[in-house]
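Here, each number is a calculation from the coordinates, and none is a lab measurement. Just so it is clear, the structure is predicted and the values come from calculations on it, not from any experiment. For neighbour counting, all protein chains shown are included, and Cβ atoms are generated from backbone atoms with ideal geometry for every residue, glycine included.
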Amino acid sequence: MTYIAKPKFHHPGLKKNELGYTHRDYEGKISTLCAGCGHDSITASIIEACYELSIEPHRVAKISGIGCSSKTPDYFLGNSHGFNSVHGRMPSVLTGANLANRDLIYLGVSGDGDSASIGFGQFAHSIRRGVNMTYIVENNGVYGLTKGQFSATADRGSKSKKGVMNTDNAIDLVAIALQLGASFVARSFSGDKSQLVPLIAAAIRHKGAAFIDVISPCIAFNNHAGSTKSFDYVREHNDAVNRLDVLTGRDPITVEYAPGTVQVVEQHDGTRLALRKIDADYDANDRLAAMTFLQKHAAKGQVVTGLLYVDPDAEDLHAHLETVETPLNKLEAKDLCPGSAALEKINASLR
Amino acid sequence: MKPTDISAPDYFHKVVDCQWACPAHTPVPEYIRLIAEGRYSDAYMINWQSNVFPGILGRTCDRPCEPACRRGRVEETPVAICRLKRVAADFKDDVKHRMPKPLAKNGKRIALVGGGPASLAVARDLAPLGYHCTVFDSDPKAGGMMRSQIPKFRLPDTVIDEETGYILNLGVEFKGGHRVDSLKKLLGENYDAIFIGSGAPRGRELDLPGRKEATANVHIGIEWLASVSFGHVEKIGRRVIVLGGGNTAMDCCRTARRLGGEDVKVIVRSGFEEMKASPWEKEDALHEDIPILNYMVPIAFKHVNGKLIGVTFQKVKAEYDAKGRRNLVPSGEPDQTIPCDDVLVAVGQENAFPWIERDCGIEFDKWNMPQVDPKTFASTNPKVFFGGDAAFGPKNIIWAVAHGHDAALSIHKMLSGEDINERPLPEVHVSSQKMGIHEWSYDNDVSGDKRYKVPHRDKVIALKDIKTEVELGYDVKLALGEAQRCLNCDVQTVFSAPACIECDACVDICPMDCITFTENGEEEDLRQRLKAPSPHHDQALYVAEGLKTGRVMVKDEDVCLHCGLCAERCPTGAWDMQKYLIDMTLAGSTCQTKARSAA
């Protein structure tokens with residue numbers, strides 16, 4: 001780790017967003033992860049996405065579990081709310097927070113151990129319920145904090161740093177998320193910020209359960225030949241189906257796209273997602289096709305990345321439960337206690 | 001863009017902006033680190049080697065390094081490089097034993113005309129090699145304009161005595177009070193080489209109506225300063241006007257304040273901003289209650305029967321033509337006469353070579369300046385070299401020193417039978433500063449402190465005595481704080497593409513957004529595509545190719561803090577922090593024709 005604080009000086013030409021902040025204003029403390037960790041690039045991408053969206057830091061709640069990945073919320077959005085929960089329990093804590101205050105932006109940060117092993121059930125239920133959140137898994141295929149044992153997302157047949165073969169089948173969190181009804185599903189790679197940053201921005205703007213699986217090489221224990229989560233392997237086998245431009249505001253689309261190469265998806269809040277197709281036949285609105293596509297390419301050893309599925313009209317848990325619009329902390333006694341007349345009415349209806 | 005050749009000595013030299021800007025190329029960050037460590041004598045000797053007069057320059061240098069300092073592009077003000085130099089001089093131990101021991105005399109004799117910084121720099125470089133150097137000066141003591149023109153309240157005699165002494169003690173013969181009035185005669189004395197460092201000794205005249213009549217109270221600035229310096233002048237009238245806007249004018253007005261001038265004004269033709277004086281010298285003058293009036297052109301000296309009573313000025317304003325050139329045109333306001341008792345004319349200096357006969361092989365140009373080669377400082381007479389103000393007109397001490405080094409090298413090469421036009425390349429040392437996983441042999445934690453002010457003596461006391469130094473210099477604590485502001489620009493970021501795995505760690509950590517991995521392109525295009533676009537073409541882009549993805553690494557050198565975080569966060573050691581030291585070639589550097597040393 002680095003012992004000095006990152007200098008406060010910044011480039012004199014840095015651009016400011018609508019709030020007058022530079023991207024440096026969205027940083028947190030200096031990372032204590034190993035040098036070169038993919039997670040640090042994801043941290044930088046989250047910073048960039050929040051800067052580009054001109055998000056007010058105090059409108060964000062970042063919630064994590066345990067693991068290298070779950071340490072990262074300390075390294076971005078230093079002025080946001082945060083909760084570092086028990087191992088694997090990020091989804092439940094996030095769900096609870098979200099139900100209590102729907103006005104915040106929920107950023108769940110987890111890892112492959114936290115979400116695919118100890119917290120697998122928690123992950124499944126938060127997706128299944130459609131909690132309005134951005135759920136990012138920083139997926140490196142190993143338990144880095146305990147020195148590199150295979151995690152549940154390690155591919156069968158991939159080798160550990162010591163040369164041991166993994167004989168268990170891998171959990172593909174993207175496939176599971178699709179099956180469980182996530183309304184925004186993407187996969188990306190920490191080494192490709194031009195793909196990752198817009199995906200995070202789009203996910204933040206998505207209403208519903210947005211899930212992003214980010215392959216994030218573990219420099220210390222999983223970046224060798226034989227690994228399927230190394231920089232080299234992912235770069236060689238990366239099969240991006242599309243590239244994304246996130247368009248906020250009402251301005252017409254100014255970028256020129258060749259006809260037939262772009263699919264524009266408008267989300268609830270007016271955000272338009274311009275999907276530049278790389279695979280001409282890929283339709284990001286078709287859940288079933290996405291699942292098939294994913295399985296077929298996985299069988300060939302390819303890592304499918306991009307925005308794989310989006311349902312722009314999704315509803316979230318609050319809509320399903322018909323909860324009150326106002327965050328609980330803003331409800332007054334008079335809102336919570338409707339009075340004896342109302343009680344009489346209820347009692348009468350039950351007689 | 002083509003990949004950067006970091007083995008070219010100039011590439012990393014330019015990154016050390018201060019050193020690159022210094023005419024003598026003093027290794028600034030190196031000596032500042034030594035000051036921070038409390039190794040003042042070592043810091044002094046590095047300076048002495050390079051700029052010969054650390055104590056003098058630490059008080060009087062024109063500081064071309066400071067406007068160049070990277071810190072000035074990162075926050076408001078550069079590092080106080082000049083005053084840190086003084087710290088090295090103030091706090092050093094006795095350094096006499098560290099001075100070079102001259103070799104046995106080699107039988108070659110060099111005459112040096114003028115005892116100022118240029119000649120003394122030549123003598124400093126040549127005497128240790130065994131040359132017999134004889135310095136001639138019309139003044140009794142060595143120092144030239146440093147002694148005669150710079151007021152003692154800025155530069156005490158003790159400092160001049162000490163630093164000229166180090167040179168004269170190298171076995172240099174000093175003939176004080178000896179004015180050379182014929183070059184022909186000097187040539188006849190069979191010196192092996194002659195160096196002319198006689199300065200620009202003539203103050204420019206201001207030939208206006210009334211000048212002759214009022215001459216008793218109209219003084220030429222540098223002559224008057226010299227008279228004050230040697231004690232011939234001890235007072236001046238109560239009301240004084242100083243004409244001119246350069247550093248000499250600032251010295252004149254501040255000196256006048258100490259000799260009885262109570263109402264002293266500086267009056268300049270141009271605007272305040274365009275004045276030639278250094279900003280800090282203007283500040284010091286204003287601080288001593290000397291107003292500076294601008295856009296006023298003197299047109300006549302007013303006198304009554306030869307007794308000066310004032311100066312009449314025409315009011316002007318600046319107008320810019322289509323090419324952006326400035327013209328001063330009358331503003332239409334009525335002329336103004338400002339009453340005064342004395343006038344000091346400081347409107348420039350000129351060279352004067354009445355003592356050089358025009359038939360001794362030295363060609364002069366149409367401005368009556370000798371033809372001097374800007375690289376070798378040779379004149380058209382192969383035995384005669386020029387340097388300092390005598391070569392190219394008035395500049396500053398640090399330029400005179402730089403000229404002296406180059407001229408000494410030429411003289412040494414000529415007298416060794418070598419081609420003086422062949423200039424050996426400097427020697428470059430590059431070494432990794434890595435001490436441990438995240439430890440460096442330099443302090444990479446960037447200080448956020450603002451520039452520290454140099455303490456001044458109380459104005460009331462300072463104005464009472466012309467010999468009392470105004471600036472007190474930094475104390476040890478202030479010096480340490482200021483030294484910590486240095487960004488260590490000589491500790492270079494060195495990139496090795498084959499080791500890079502393109503993990504982006506350096507890109508993410510860089511506080512200044514200096515590093516970009518992208519597709520290669522033409523420079524103009526590339527500059528726009530950087531993480532922080534860079535319009536500053538004078539600052540290099542460091543381009544490296546050979547990455548697995550076929551992209552290039554581009555580092556914009558412009559505002560790099562040299563904090564080393566890129567190297568700390570690099571998992572493969574593709575980035576390293578390496579200290580770059582460059583030894584400028586001086587006369588008698590160990591080997592005569594040094595090959596270029598790879599970085």
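Couple of notes before you dig in:
- Here the gap between A:Ala5 and A:Ile278, fully extended at 0.36 nm per residue and compared with their Cα-Cα distance, gives a gain of 94.2 nm.
- Using the Cβ of B:Ala318 as centre and a radius below 15 Å, the other residues enclosed give a net charge of +1, where K and R count +1 and D and E count -1.
- Those residues of the range A:75-105 whose amide nitrogen sits under 15 Å from the label point placed on A:Leu331, 7 Å along Cα→Cβ: A:96-103
- Each peptide in B:457-463, A:200-206, B:260-266 gets a packing score, the mean of other Cβ atoms within 10 Å over its residues, and the list from highest to lowest is A:200-206, B:260-266, B:457-463.
- Gain upon complete extension [B:Trp280, B:Val95; 0.36 nm per residue less C-alpha separation]: 63.5 nm
- For the listed residue pairs B:Lys14/B:Lys375; B:Lys96/B:Lys395; B:Lys101/B:Lys185, the alpha carbons are over 23 angstrom apart in B:Lys96/B:Lys395; B:Lys101/B:Lys185.
- Spin-label pair A:Leu14/A:Ala342, simplified geometry with 7 Å Cα→Cβ offset, distance in nm: 4.8
- Relative contact order (%) - the range B:203-347, alpha-carbon pairs under 8 angstrom, separation at least six: 32
- Mean residue ellipticity (222 nm) of chain A, computed from DSSP H runs ≥ 4 via -39,500 (n - 2.57), nearest 500: -8000 deg cm²/dmol
- Per residue of chain B, the DSSP helices (runs of n ≥ 4 H) give a summed -39500 (n - 2.57) that works out to -7500 deg cm²/dmol at 222 nm.
- Bridgeable lysines around B:Lys92 (alpha carbons under 18 Å apart, same-chain partners fewer than 8 residues away excluded): B:Lys477.
- When the convex hull of its Cα atoms is viewed from all sides, the range B:204-279 shows a mean projected area of 5.4 nm².
- Overall size of the range A:152-215 from C-alpha positions, given as principal axis extents largest first: 42, 28, 10 Å.
- Tensor-based shape of the range A:23-328 (alpha-carbon gyration tensor, a/c under 1.5 rounded, otherwise prolate or oblate): rounded
- Rounded FRET efficiency, nearest 0.05, which uses the C-beta distance separating A:Leu145 from A:Asn79 and R0 of 35 Å: 0.85
- For A:Phe221, net neighbour charge (Lys/Arg +1, Asp/Glu -1) across residues whose Cβ lies under 11 Å away: +4
- The range B:203-347 shape via C-alpha gyration tensor axes, a/c threshold 1.5: oblate
- Taking a sphere under 13 Å around the Cβ of B:Phe392 and counting the other residues whose Cβ falls inside, with K and R at +1 and D and E at -1, yields a net charge of -3.
- Residues in the range A:340-345 carry Karplus couplings, in order, of 5, 4, 5, 5, 4, 4 Hz; the curve used is 6.51 cos²θ - 1.76 cosθ + 1.60 with θ = phi - 60°, and Gly or Pro positions show x.
- Out of every Cα-Cα pair that chain B contains, those further apart than 37 angstrom amount to 42 percent.
- Rough spin-label spacing in nm, given labels placed 7 Å along Cα→Cβ, for B:Ile437 and B:His537: 4.6
- Across chain A, Cα pairs under 8 Å and at least six residues apart give a relative contact order of 15 percent.
- The packing ranking, built from the mean of other Cβ atoms within 10 Å per residue, places the peptides B:127-135, B:328-336 in the order B:127-135, B:328-336, highest first.
- Prolate/oblate/rounded call for the range B:311-365, Cα gyration tensor, a/c under 1.5 rounded: oblate
- Backbone HN-Hα couplings from phi across the range B:77-86 [Karplus 6.51/-1.76/1.60, Hz, Gly and Pro as x]: 10, x, 5, 7, 4, 4, 6, 6, 4, 4
- In Hz, Karplus ³J(HN,Hα) per residue of the range B:222-232 (6.51, -1.76, 1.60; θ = phi - 60°; x = Gly, Pro): 5, 5, 5, 4, 5, 5, 5, 4, 8, x, 7
- GluC sites (Glu not before Pro) within the range B:380-462: DSSP coil, no more than 12 neighbouring Cβ in 10 Å: B:Glu422
- Backbone N within the range B:250-272 under 15 Å of label point (7 Å from B:Lys464 Cα along the Cβ vector): B:258-260
- A Förster distance of 25 Å, applied to the separation of the beta-carbon atoms of B:Leu293 and B:Ser227, puts the FRET efficiency at 0.45.
- For chain A, modelled as a GNM whose springs connect Cα atoms under 10 angstrom apart, the maximal fluctuation among A:Gly191, A:Gly113, A:Gly36 occurs at A:Gly36.
- The protein assembly as shown: translational diffusion in µm²/s, Stokes-Einstein, Kirkwood Rh over Cα pairs, 4 °C, 1.567 mPa s: 39
- At R0 = 41 Å, FRET efficiency that the Cβ-Cβ distance of A:Gln179 and A:His224 yields, to 0.05: 0.80
- Sequence-separation-based contact order of chain B, relative, with Cα cut under 8 Å and 6+ spacing, percent: 18
- Interchain or long-range residues, amide H under 5 Å from B:Arg211's placed H: B:Phe301
- Label zone at B:His429, where the point sits 7 Å out along the Cα-to-Cβ direction: the range B:466-500 residues whose backbone N lies under 19 Å: B:488-494
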